[in-house]
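The structure under discussion appears below in the form of structure tokens.
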Ligand code: SF4
């Protein structure tokens, strides 16, 4: 039997709204219109993809000996984001006719600021002091990917793994996170990174240093390997898995309650079905 999938985005939807979870992961509705709703992606998603690609290019270019000016990355990133926003048929804002209300110029400035922050960051300085063999970008590795936990396949990869002599730095980037949920995010990435390191036998646990870097605010937090904190978050992961299992064979839509939080609805693909 094919294993079920757990991911942070799936878990977020489960926490945000059960009805949304039903539409996204349980419903068997094959109608084209419904399938379109499931595929919608907001401009923030495209920004995150462009940011990731640009950062990975900055790192690999530098480690391969090319010291390319920041302006070149900004120019390419801006073009990529503009093309995605103009041409993608599943853009959330286009589908819900929000394009006129959005300041895309300000949005592009945010993208540029995020990239500038990384380019001048302590993290990039550390990476630049390393050799190619010391830096792993899991998403670019062919033989690294998801891993198993209980009956689930976990979709999670740290953004960067850096060999720093006596420690192994496990680095994750935050894209639009606010300072308020930074600590919780650090705890999640710490636990998931730990499971990832364990699955691929990457380093001794005592050597792990987890770093979360916020591209928006240009700040980072770090934490050493802490078994107690990690176990606490793994317990949360287990609870999330148990809840997903409970819902897996439930077909009655009324069992999936709608959220009362309008802020969540505002960015939901399925608002057309609820209002
Ligand atoms: S519109 Fe609101 S209530 Fe409806 S599925 Fe989305 S988040 Fe849930």
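Hey, which of the strands (runs of 3 or more DSSP E) in segment 139-233, taking only ones fully inside, have at least 3 residues that are closer than 30 Å to residue 112 by Cα?
160-164, 167-174, 208-214, 219-224
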Only one of (1) within 16 Å of the ligand (Cβ to nearest atom); (2) surrounded by fewer than 19 Cβ atoms within 10 Å (Cβ to Cβ) fails for residue 229. Which number is that? (1)
What number goes with the only condition from (1) at pLDDT below 95; (2) within 24 Å of the chain's Cα centre (by Cα) that residue 14 does not pass? (1)
Quick one: which residue in 53, 29 is in a loop (DSSP other than H, G, I, E, B) and either within 16 Å of the ligand (Cβ to nearest atom) or farther than 21 Å from residue 255 by Cβ (or both)? 29
Restricting to segment 241-260, name every residue that is touching a strand residue (DSSP E or B) at 6+ places or on another chain (Cβ under 8 Å) and either more than 23 Å from residue 183 (Cβ to Cβ) or within 16 Å of the ligand (Cβ to nearest atom) (or both). 244, 245, 248
When restricted to 183, 176, the only residue at pLDDT below 95, more than 26 Å from residue 130 (Cβ to Cβ), surrounded by fewer than 15 Cβ atoms within 10 Å (Cβ to Cβ) and in contact with a strand residue (DSSP E or B) (Cβ under 8 Å, 6 or more places away or on another chain) is 183
Condition broken by residue 45, with the remaining ones in (1) surrounded by 14 or more Cβ atoms within 10 Å (Cβ to Cβ); (2) touching a helix residue (DSSP H, G or I) at 6+ places or on another chain (Cβ under 6 Å) satisfied: (2)
Could you list, ordered by first residue, the pairs with Cβ atoms under 6 Å in which the first is in segment 18-40 and closer than 15 Å to residue 95 by Cβ and the second is within 12 Å of the ligand (Cβ to nearest atom) and not in a helix (DSSP H, G or I), at least 6 apart or interchain? 23/270; 37/269; 37/270; 40/269
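Yes or no, residue by residue, for (1) within 14 Å of the ligand (Cβ to nearest atom); (2) surrounded by 12 or more Cβ atoms within 10 Å (Cβ to Cβ); (3) touching a residue at least 24 places away in the same chain (Cβ under 8 Å):
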residue: 197; (1), (2), (3): no, yes, yes
residue: 202; (1), (2), (3): no, yes, yes
residue: 220; (1), (2), (3): no, yes, yes
residue: 225; (1), (2), (3): no, yes, yes
residue: 235; (1), (2), (3): no, no, no
residue: 239; (1), (2), (3): no, no, no
residue: 262; (1), (2), (3): yes, no, no
residue: 272; (1), (2), (3): yes, yes, yes
residue: 275; (1), (2), (3): yes, no, no
Could you tell me which of the residues 214, 129 is touching a strand residue (DSSP E or B) at 6+ places or on another chain (Cβ under 7 Å) and either modelled with pLDDT of 95 or more or under 19 Å from residue 51 (Cβ atoms) (or both)? 214
Taking the criterion of being closer than 29 Å to residue 168 by Cα, crowded, with 17+ Cβ neighbours inside 10 Å and touching a strand residue (DSSP E or B) at 6+ places or on another chain (Cβ under 8 Å), would at least one residue in segment 110-118 satisfy it? yes
Return the total of residues in segment 11-22 being farther than 13 Å from residue 250 by Cβ, within 8 Å of the ligand (Cβ to nearest atom) and crowded, with 18+ Cβ neighbours inside 10 Å. 2
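The values are calculated or read from the model by the stated rules, or taken from the named source; none is laboratory data. Not measured: the values here are computed from a predicted model. We place every Cβ from the backbone using ideal geometry, glycine too, and count neighbours over all the protein chains shown.
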